[in-house]
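Below: the structure, in structure tokens.
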Amino acid sequence: MTDASGPLAGVKAAVFDAYGTLFDVNAAVQRYAEAVGPDAAHLSEVWRNKQLEYSWTLSLMGQYAAFWDLTVRALDYALAVHPQVDPGLRERLLDAYRDLDAYPEVPGVLAALRKRGIRTAVLTNGNAAMVDRAVASAGLADHLDAVLSVDDAQVFKTHPDAYRIALTRLAVGQGDVLFCSSNRWDVAGAGVFGFRTAWVNRKGLPDEYMDSAPTVVIGALDGLL
């Protein structure tokens, strides 16, 4: 237990979603925005939305596939929606997604949490190889006590079994965890599971899950400190 105050009071482990929370999911397209052209922002949006849609659809059907495979399928769909974009960019965009940029405050926040005696972990839909590379390329490995993937449960968030991975691997109780995500649906799922939650509302979006309010709403991860 730590002597932290505010949203960190009593927290033993801070668990973070990866994509959209630690890593900027739009960074891959942004690196090639000039080559993609005027539809870059929409291409990135479609890519992300389809990636998530595929994960939810598979979970409801009782099926599972590696999140990287869904990422590839989603990009192929996004490129099909935008036939004016050079399909030769496909492999470059995928390579960029493997090495996404972390948000600038992330390393400092993770280091500060560990200094306070709070364990830090990632719990992501990303499969192990995918997220391990992202963590390494962003230089975050030394700031994390664990990198956890829903691969272990073979089901995507927001299924309770996905969140349960953190309890098993970190040997903590539900009330000991502060789960942080920029995805409001993820915050809702974690809250229903029993975690304390922080919604990292980077874009100032309106709330949409009124029956599962986050413990705290912050504009960036340094709002935890």
Would you be so kind as to identify which of Ala28, Ser137, Leu94 lies farthest towards the positive end of the dipole of the chain, taking Lys and Arg as +1 and Asp and Glu as -1 on Cβ and the Cα centre as origin?
Ser137
In the full protein assembly as shown, how much of Tyr209 is accessible to a 1.4 Å probe, in Å² to the nearest 10?
90
If you project the alpha carbons of segment 1-109 onto the principal axes, what extent comes out on each, in Å, largest first?
55, 37, 19
Ranked order, Lys115, Lys12, Lys50, Lys203 - accessible area, probe 1.4 Å, largest first
Lys115, Lys203, Lys12, Lys50
Estimated vicinal HN-Hα couplings, Hz - segment 41-47 in sequence order (Karplus 6.51, -1.76, 1.60; Gly, Pro = x):
5, 6, 4, 5, 5, 5, 4
The chain - Rg over Rh from alpha carbon coordinates, Kirkwood radius:
0.96
At 4 °C and 1.567 mPa s, the Stokes-Einstein diffusion coefficient in µm²/s for segment 62-173, with hydrodynamic radius from the Kirkwood sum on alpha carbon pairs, is 82
Which FRET efficiency, nearest 0.05, do Lys203 and Thr168 yield, Cβ-Cβ r, R0 35 Å?
0.60
Want the number for Glu53 to Lys115: 0.36 nm per residue separation, take away the alpha-carbon distance, what's left?
18.6 nm
Residues meeting the amide H criterion for Phe179 (H placed from the backbone, H to H distance under 5 Å, 5 or more places apart or on another chain) are Val15, Arg196, Thr197, Ala198
Probe 1.4 Å, heavy atoms of protein chains only: per residue, the accessible area of the chain in Å² is 43
Which distance in Å, rounded to a whole number, links the C-alpha centroids of segment 30-90 and segment 135-183?
24
Once fully extended, how much extra length lies between Val192 and Asp161, figured as 0.36 nm per residue of separation less the alpha-carbon to alpha-carbon distance?
9.9 nm
Once amide hydrogens are built 1.01 Å from N within the peptide plane, the residues lying 5 or more places from Leu148 or on another chain with amide H under 5 Å from its amide H are Val122, Leu123, Thr124
Put one equal scatterer on each alpha carbon of segment 143-225, apply the Debye formula with no solvent term, and list log10 I(q)/I(0) at q = 0.14 1/Å to two decimals.
-0.46
As a check on your grasp of the helix formula, calculate [θ] at 222 nm for the chain: sum -39500 (n - 2.57) over DSSP H runs of n ≥ 4, divide by the residue count, round to the nearest 500.
-12500 deg cm²/dmol
Phi to ³J(HN,Hα) by Karplus 6.51 cos²θ - 1.76 cosθ + 1.60 over segment 122-134, Hz, x for Gly, Pro
9, 10, 10, 5, x, 5, 4, 4, 5, 6, 4, 5, 4
Once the other residues with Cβ under 10 Å from the Cβ of Asp176 are scored (Lys, Arg +1; Asp, Glu -1), what is the net sum?
+3
Would you mind putting 168-180, 91-103 in packing order, based on average other-beta-carbon counts within 10 Å, highest first?
168-180, 91-103
At 1.4 Å probe size, with the rest of the protein present, what percent of the exposed accessible area of segment 111-225 is carbon and sulfur atoms?
49
Please list, in order along segment 65-79, the HN-Hα scalar couplings obtained from phi with the Karplus expression 6.51 cos²θ - 1.76 cosθ + 1.60 (θ = phi - 60°), rounded to whole Hz, x for Gly and Pro.
8, 4, 4, 5, 4, 5, 5, 5, 4, 5, 5, 4, 5, 4, 5
Let's test the formula: R0 of 25 Å, r as the Cβ-Cβ distance of Leu94 and Leu60. What FRET efficiency results, to the nearest 0.05?
0.40
Inter-label distance, nm, simple model (7 Å from Cα along the C-beta direction), Ala33/Gln84
1.8
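The values are calculated or read from the model by the stated rules, or taken from the named source; none is laboratory data. Bear in mind that the values here come from a model prediction, so they are computed numbers and not experimental data. Backbone-built Cβ (ideal geometry, glycine too); neighbour counts: all protein chains shown. The area values use the complete protein model at the heavy-atom level, side chains included, leaving out ligands, DNA and RNA. Shrake-Rupley method; radii C 1.70, N 1.55, O 1.52, S 1.80 Å.
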